[in-house]
1. Scan segment 125-162 for residues that are touching a strand residue (DSSP E or B) at 6+ places or on another chain (Cβ under 7 Å) and assigned to a helix (DSSP H, G or I) and jot them down.
2. Go through segment 1-22 and give me each residue that's touching a residue at least 40 places away in the same chain (Cβ under 8 Å) and not charged (D, E, K, R).
3. Among the residues of segment 93-120 satisfying the criterion of being without any contact (Cβ under 8 Å) to a residue 40 or more places away in the chain and surrounded by fewer than 21 Cβ atoms within 10 Å (Cβ to Cβ), which is nearest to Asn9 (Cα to Cα)?
4. Looking at (1) over 15 Å from Cys46 (Cα atoms); (2) in contact (Cβ under 8 Å) with a residue 40 or more places away in the chain, which is the only condition Glu136 fails?
5. So which of Ser57, Ser68 ends up being at pLDDT 95 or above, of a type in the set (Ser, Thr, Tyr), outside any helix (DSSP H, G or I) and assigned by TED's automatic domain parsing to the domain that holds Gln29?
6. Please indicate, with yes or no, whether at least one residue in segment 72-82 is part of a helix (DSSP H, G or I) and in contact (Cβ under 8 Å) with a residue 24 or more places away in the chain.
7. Filter segment 25-69 down to residues that are buried (at least 20 other Cβ atoms within 10 Å of the Cβ), small (Gly, Ala, Ser) and without any contact (Cβ under 8 Å) to a residue 60 or more places away in the chain, then give me how many there are.
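The values are calculated or read from the model by the stated rules, or taken from the named source; none is laboratory data. Because the structure is a prediction, the values reported are computed rather than measured. Cβ coordinates were reconstructed from backbone atoms using ideal geometry, including for glycine residues, and neighbour counts include every protein chain displayed.
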Amino acid sequence: MADIEFSVNGRAVSAGAELAELPLVDYLQEDLGLTGTKFCCGIGVCRACTVTVKRYSGAPLDVLLACSTPLSQLQGVSVYTVEQLASGGSLHPLQSAMLTEFAFQCGYCTPGFLMAATALWDRLAAQPIPADELDEAIQMAVGEHICRCTGYVRYHTAIKRAITEAGGLLR
């Protein structure tokens, strides 16, 4: 069996075939030292482990649950984690809005919320929606995420604020 080749945050990586069944979250944390993606339930229910992926060039970002995705499913895929959101010393607008809205308490689930919101942001950049559909779009993007501190309203408010203030994501 051949090595598994994919990219993480724009960096090419290669995992040996013996790691084919290793969950992505373990590879990110143990092999790459990227600890932002969180392991919580281990069965893809809480969504704290959410990362985004592009399955091929030009594809929209999609969400992926890193706790239940083995490396064998990532051949040729581009994976993005919360570590890549900030750029050039500046936070992504979604990160800034999370801080402004005090959207989290313990913060454990925040990376998952951010990555799901980033996938929504990417879809809206490609195909803006009417402003009156934004609440529903946010609910579809992050509605299944679990926050033990019950920060749901603030997460929703922060995501809405960032998208509304960004310009070009709504019509």
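1. Answer for segment 125-162, where residues must be touching a strand residue (DSSP E or B) at 6+ places or on another chain (Cβ under 7 Å) and assigned to a helix (DSSP H, G or I): Ala131, Leu134, Ala137.
2. Ile4, Phe6, Ser7, Val8, Asn9, Gly10, Ala15, Leu19, Ala20, Leu22
3. So the residue we want is Gln95.
4. All conditions are met except number (2).
5. After ruling out the rest, the residue left standing is Ser68.
6. yes
7. Number satisfying all stated conditions: 1.
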